[in-house]
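The values are calculated or read from the model by the stated rules, or taken from the named source; none is laboratory data. Values in this document were obtained by computation on a predicted structure and should not be read as measured data. Cβ sites come from the backbone with ideal geometry, for glycine too, and all protein chains shown count toward neighbours.
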């Protein structure tokens, strides 16, 4: 070859060129819900997040190139009780003045047969990052996708609750994260 540098660059481009064929999806926030449930004094405490975003690139036929990065505005937590919400967002809870967001970023996906999948990733909350798996079901009908997911994390693993709030009572350590997401294909 007369120009070996050009040949090397062309070869490098072939090996590094993205082959991703996964589809980009836009969340329909009017039809989607992100929330959590925790046992508080023996009763279920339910809350949702009013503000969150998810960058979704997903194709069941191309899991290797699929990726999700979700960011949650923790100040948008709402249980319908201002007093409880102030505590959840305060220093013993999310400490939103210091840690205003949570983030989940996938590291991979696995198919479990049918419409069942598992997303592996990292959850960052309260300045602490931990691995997390998120089992979910997904139905895709033309340009619309509907995902239902549920995962359990320990609030203690993320440093939520100190002193009297560190014990299992009155607030359980196990927190169930729930997602009901509808998205449409980006054009």
Among what's in segment 82-112 and is outside any helix (DSSP H, G or I), touching a strand residue (DSSP E or B) at 6+ places or on another chain (Cβ under 9 Å) and over 22 Å from residue 56 (Cα atoms), pick the residue that is modelled with the lowest pLDDT. 93
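Counting only residues that are more than 12 Å from the chain's Cα centre (by Cα) and at negative phi, how many does segment 122-140 have?
The qualifying residues number 7.
Take residue 163 and tell me if it is out of contact with any helix residue (DSSP H, G or I) (no Cβ under 7 Å at 6 or more places or on another chain), modelled with pLDDT under 95, closer than 25 Å to residue 44 by Cα and surrounded by 13 or more Cβ atoms within 10 Å (Cβ to Cβ).
Details: out of contact with any helix residue (DSSP H, G or I) (no Cβ under 7 Å at 6 or more places or on another chain): yes; modelled with pLDDT under 95: yes; closer than 25 Å to residue 44 by Cα: yes; surrounded by 13 or more Cβ atoms within 10 Å (Cβ to Cβ): no.
No: the conditions fail for residue 163.
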Residue 130 being free of Cβ contacts under 8 Å to residues at least 40 places away in the same chain and in contact with a helix residue (DSSP H, G or I) (Cβ under 6 Å, 6 or more places away or on another chain): yes
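Within the group 105, 92, which residue is touching a helix residue (DSSP H, G or I) at 6+ places or on another chain (Cβ under 8 Å) and either surrounded by 12 or more Cβ atoms within 10 Å (Cβ to Cβ) or closer than 20 Å to residue 179 by Cα (or both)? Before you say what the answer is, go through the steps one by one.
Numbers: 105 fails: touching a helix residue (DSSP H, G or I) at 6+ places or on another chain (Cβ under 8 Å).
None of the other options fit; the residue is 92.
Name the residues in segment 140-154 that are in a strand (DSSP E or B) and over 20 Å from residue 177 (Cβ atoms), would you? Outline the logic, then answer.
Residues of segment 140-154 in a strand (DSSP E or B): 140-141, 144-154.
Of everything in segment 140-154, those that are in a strand (DSSP E or B) and over 20 Å from residue 177 (Cβ atoms) turn out to be 140, 141, 144.
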Confirm whether residue 30 is part of a helix (DSSP H, G or I), closer than 25 Å to residue 136 by Cβ and without any contact (Cβ under 8 Å) to a residue 40 or more places away in the chain. yes
Within the bounds of segment 113-122, is there any residue that is within 20 Å of residue 94 (Cα to Cα), in contact (Cβ under 8 Å) with a residue 12 or more places away in the chain and in a strand (DSSP E or B)? yes
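Among the residues that make up segment 126-137, is at least one of them within 17 Å of residue 183 (Cα to Cα) and assigned to a strand (DSSP E or B)? Before the answer, list the steps.
Filtering segment 126-137 down to residues within 17 Å of residue 183 (Cα to Cα) leaves 136-137.
The next check asks that each one be assigned to a strand (DSSP E or B); those that pass are 136-137.
Within segment 126-137, one or more residues are within 17 Å of residue 183 (Cα to Cα) and assigned to a strand (DSSP E or B).
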Given the conditions (1) over 19 Å from the mean Cα position of the chain (by Cα); (2) at pLDDT below 95, every one holds for residue 143 apart from (2)
